[in-house]
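The values are calculated or read from the model by the stated rules, or taken from the named source; none is laboratory data. The model shown is predicted, which means the values in this text are computed figures rather than measured ones. Cβ sites come from the backbone with ideal geometry, for glycine too, and all protein chains shown count toward neighbours.
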Amino acid sequence: MADTVFTLNTGAKIPALGLGTWQSAPGEVKTAVSHALKVGYKHIDAAYVYGNEDEVGGGLAEGFKSGLKREDIFVTTKLWCTFHSRVEENLDLSLKSLGLDYVDLYLMHWPVPMNPNGNHPNLPKKPDGSRDLDTEWSYTQTWKEMEKVLKTGKTKAIGVANFSVPFLEELLKEATVTPAANQIENHPYLPQQEIVDYCKEKGILITAYSPLGSTGSPLFQEKEIQEVAKKHDVSPGTVLLSYHVARGSSVIPKSVTPSRIEENMKLIKLDSEDVKSLDNISKTHPPNRFVYPAFGVNLGFPDKQ
Ligand SMILES: NC(=O)c1ccc[n+]([C@@H]2O[C@H](COP(=O)([O-])OP(=O)(O)OC[C@H]3O[C@@H](n4cnc5c(N)ncnc54)[C@H](OP(=O)(O)O)[C@@H]3O)[C@@H](O)[C@H]2O)c1
């Protein structure tokens, strides 16, 4: 099932499984990307702010050297918050590091414009220690800039990440291009069903990030997950990743460990009973976000109200 693909609202195909690269350290991520491509991954998830796109590019280059064509690989990267008013500039920086002429999908990383001239290039702070937000600029303006960049051909599709339903509603009021994808934290402790349903209705693909529960995850020990794993004679990790494909979402586990990169390709078809049992976890377990930076902004997620 690792070769499952979904169709974006642009008509392009996106592989259901991609390799995540957040917190993949320099010295590790080039090998991770090149190993993933060697064993059959066709989709790499990067971001400017991960600070490792040159190494990701090195891994891609090894894949091309071994015979893969650019059109065989789906590459996603993301616009960082301090670049909201300089979208093309940020995309150009990513393209240069990645060694590419275009990416397949460019995402607004967070709907949070930050001061482009603050005391730090990525995470500026005000003198009182709070995040230095760009209050003169809105994420809907950013979207307009992303629509312009789409026309340059430097990205084949544009999308968003970390968008709640109210933020998407606001964006769609102004948008002429509907986002192709919304990349959100997604796992049985945080199914975010309201966003999944809304995006399905609007033709926006969900990509599940932190699907394993990120580093040091407690999800592997969860009883229901272990039971579904036992039923199918697979690992809990396989169950966690297959859950998203069963829901119609793409999924981007991160690993720099060759054996895990391979292990994470073993997606299986879960039946409706399995999905129901995984859905039930959030009914007894409080919502748990592993990734929620202290931006000081209400992002509209129900579990954070
Ligand atoms: N848009 C956003 O704001 C956003 C936010 C967060 C993440 N993301 C994207 O989503 C990707 C995935 O999320 P994530 O990195 O937070 O977490 P994740 O993929 O849920 O978990 C990664 C962690 O699980 C370990 N791991 C991987 N495969 C495993 C397996 N089969 N068994 C046991 N442990 C395993 C990895 O260790 P090793 O690497 O040591 O093997 C790493 O510590 C990111 O890398 C990034 O590309 C996007």
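A few points about this structure:
- A single entry from 207, 215 fulfils the requirement of being assigned to a loop (DSSP other than H, G, I, E, B) and either within 13 Å of the ligand (Cβ to nearest atom) or crowded, with 22+ Cβ neighbours inside 10 Å (or both): 215.
- If you go through segment 188-203 and pick out every residue that is buried (at least 22 other Cβ atoms within 10 Å of the Cβ) and closer than 21 Å to residue 14 by Cα, you end up with 2.
- Checklist (1) outside any helix (DSSP H, G or I); (2) within 16 Å of residue 262 (Cα to Cα); (3) at pLDDT 95 or above applied to residue 1, failing item: (3)
- Number of the exception - residue 163 against (1) more than 19 Å from residue 75 (Cβ to Cβ); (2) surrounded by fewer than 23 Cβ atoms within 10 Å (Cβ to Cβ): (2)
- Every residue from segment 257-284 that is within 11 Å of the ligand (Cβ to nearest atom) and among the acidic types (Asp, Glu): 262, 263
- Some residue of segment 245-256 being outside any loop (DSSP other than H, G, I, E, B), within 14 Å of the ligand (Cβ to nearest atom), surrounded by 22 or more Cβ atoms within 10 Å (Cβ to Cβ) and free of Cβ contacts under 8 Å to residues at least 40 places away in the same chain: no
- Qualifying residue in segment 118-126 (condition: buried (at least 20 other Cβ atoms within 10 Å of the Cβ) and modelled with pLDDT of 95 or more): no
- Flag if residue 149 is part of a helix (DSSP H, G or I) and among the aliphatic types (A, V, I, L, M): yes
- Scan of segment 165-204 for residues that are touching a residue at least 60 places away in the same chain (Cβ under 8 Å), among the aromatic types (Phe, Trp, Tyr) and in a helix (DSSP H, G or I), ordered by number: 167
- Considering segment 1-44, the residues that are free of Cβ contacts under 8 Å to residues at least 40 places away in the same chain and touching a Pro at 6+ places or on another chain (Cβ under 7 Å) include one that is nearest to residue 202 (Cα to Cα), namely 5.
- Qualifying position, being modelled with pLDDT of 95 or more and either touching an Asp or Glu at 6+ places or on another chain (Cβ under 9 Å) or near the ligand (Cβ under 8 Å from one of its atoms) (or both), among 231, 200, 173: 231
- Considering residues of segment 70-99 that are surrounded by 23 or more Cβ atoms within 10 Å (Cβ to Cβ), within 18 Å of residue 58 (Cα to Cα) and of a type in the set (A, V, I, L, M) only, the residue nearest to the ligand (Cβ to nearest atom): 75
Per-residue answers, yes or no, for (1) hydrophobic (A, V, I, L, M, F, W, C); (2) more than 20 Å from residue 291 (Cβ to Cβ):
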position: 173; (1), (2): no, yes
position: 191; (1), (2): no, no
position: 206; (1), (2): yes, no
position: 258; (1), (2): no, yes
position: 265; (1), (2): yes, yes
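- Any chance residue 298 is free of Cβ contacts under 8 Å to residues at least 40 places away in the same chain, assigned to a loop (DSSP other than H, G, I, E, B), under 30 Å from residue 113 (Cβ atoms) and more than 11 Å from the ligand (Cβ to nearest atom): yes
- In segment 23-48, the qualifying residues are those that are buried (at least 21 other Cβ atoms within 10 Å of the Cβ) and within 11 Å of the ligand (Cβ to nearest atom), and the one that is farthest from residue 110 (Cα to Cα) is 32.
- In segment 218-244, the residues that are in a loop (DSSP other than H, G, I, E, B) and either within 28 Å of residue 12 (Cβ to Cβ) or not charged (D, E, K, R) (or both): 218, 234, 235
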